[in-house]
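Have a look at the structure below before the remarks.
The values are calculated or read from the model by the stated rules, or taken from the named source; none is laboratory data. Predicted model, so just to flag it, every value in this text is computed and none were measured. Please note: Cβ atoms are built from the backbone with ideal geometry, for glycine as well, and neighbour counts cover all protein chains shown. For accessibility, only protein heavy atoms count, side chains too; no ligands or nucleic acids. Shrake-Rupley method; radii C 1.70, N 1.55, O 1.52, S 1.80 Å.
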Amino acid sequence: MRRLFPVTEETAAQARTDGGAPAAPGAAGDREWGLAELAAAYAYPDPGPGAPRPWLRANMVSSLDGAAQHEGHSKPISSAADMRIFGTLRALADVVLVGAETVRQEGYRPARARAEFAGARAAAGQAPVPAIAIVSASLDLDFTLPLFTSPLVPTLILTGAAAAPDRVAAAEKAGARVLVAGEGMGVEPARAVEALAGLGHTRLLTEGGPRLLGQLIAAEVLDELCLTVSPTLTAGGAQRIAGGPSVAVPHRFELVSLLEEDGFLFGRYRRP
């Protein structure tokens, strides 16, 4: 990263004093941040005393005109810095929650072990890599893909109680672990979070897609949004980062920090 604009009580007060001007760049200066520094900047909140509660963050990218993808994929509006943060957020997480359509469109693969984060994950009691947890009502998934045939940790599938028994059996035969997180065919976001927490996964990360993120927002289970704003314009009818019905009252999040590189902005927002 080339610049960091940390948002703290002190810098917020200074911004108000300066009429809303952004804080000056931090000590990082114009240089690339190391992975350890990024991991510290994006660390999950301290769980505090007692049993840790689940913390769900989303990581999404958007063009200047609000597109979450171009021609069905997010890569055209991403960047090398965006992918470094993508990898760092995965390395911090216990599990990556993703919608089935995104798995199909983006060609999802199992998370890979990163030597740079191996020690920190072991010290935190985490598996070598985060599990991929797929939200799917129909379980219409290709079980011959590496996501099922060669993950370092078993892939999880969240589905409803009325899921087709033959698809559940096929998923389990492929080595996936199926979790029921809803009545009927659908998955209830709050129950999905509870099911993952029941396995000890409290550092949760979702990478969408837009439909899943919209459901998480509507259910009020999203704690944090890490948003990359890409300096690109796509026009067209691409989806926004979140879809589905609108909420009754807009949810206000607070800016925690802002990174910049080559015109890309990397914001971190938390629920108050």
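Annotations
- Using alpha-carbon coordinates, inclination of helix 80-92 to the longest axis of the chain, degrees: 60 degrees
- Of the GluC sites (Glu not before Pro) in region 160-211, those whose Cβ has at most 13 other Cβ within 10 Å and which sit in DSSP loop: Glu183
- Between 0 and 90 degrees, the angle of helix 189-198 with respect to the longest Cα principal axis of the chain falls at about 80 degrees.
- Counted over region 156-272, the DSSP beta bridges are approximately 75% antiparallel.
- Contact order for region 149-263, expressed relative to its length and based on alpha carbon pairs under 8 Å spaced 6+ residues apart, stands at 20 percent.
- Ranked by the mean number of other Cβ atoms within 10 Å of their residues, highest first, the peptides 241-253, 57-69, 108-120 come out as 57-69, 108-120, 241-253.
- Ile134 sits with roughly 0 Å² accessible to a 1.4 Å probe, with DNA, RNA and ligands left out of the calculation.
- Of the beta bridges in the chain, as assigned by DSSP with both residues counted there, near 40 percent are antiparallel.
- Ser150 sits among other residues whose Cβ lies under 12 Å from its own Cβ, and their net charge, with Lys and Arg +1 and Asp and Glu -1, is +2.
- Averaged per residue, the chain has 50 square angstrom of accessible surface, using a 1.4 angstrom probe with ligands and nucleic acids left out.
- Answer label for semi-axes √(5λ) of the Cα gyration tensor in Å (calculated), chosen among (1) 32, 25, 18; (2) 32, 21, 19; (3) 28, 22, 18: (2)
- Here region 124-194 and region 246-272 have alpha carbon centers that stand 29 Å from each other.
- The value of relative contact order for the chain, using C-alpha pairs under 8 Å at least six residues apart, is 26 percent.
- Region 210-272 shape via C-alpha gyration tensor axes, a/c threshold 1.5: oblate
- Pairwise Cα inverse-distance average, inverted: Kirkwood Rh of region 94-227 (Å): 15.1 Å
- Surrounding net charge for Arg104, when Lys and Arg each add one and Asp and Glu each subtract one, Cβ distance under 10 Å: -4
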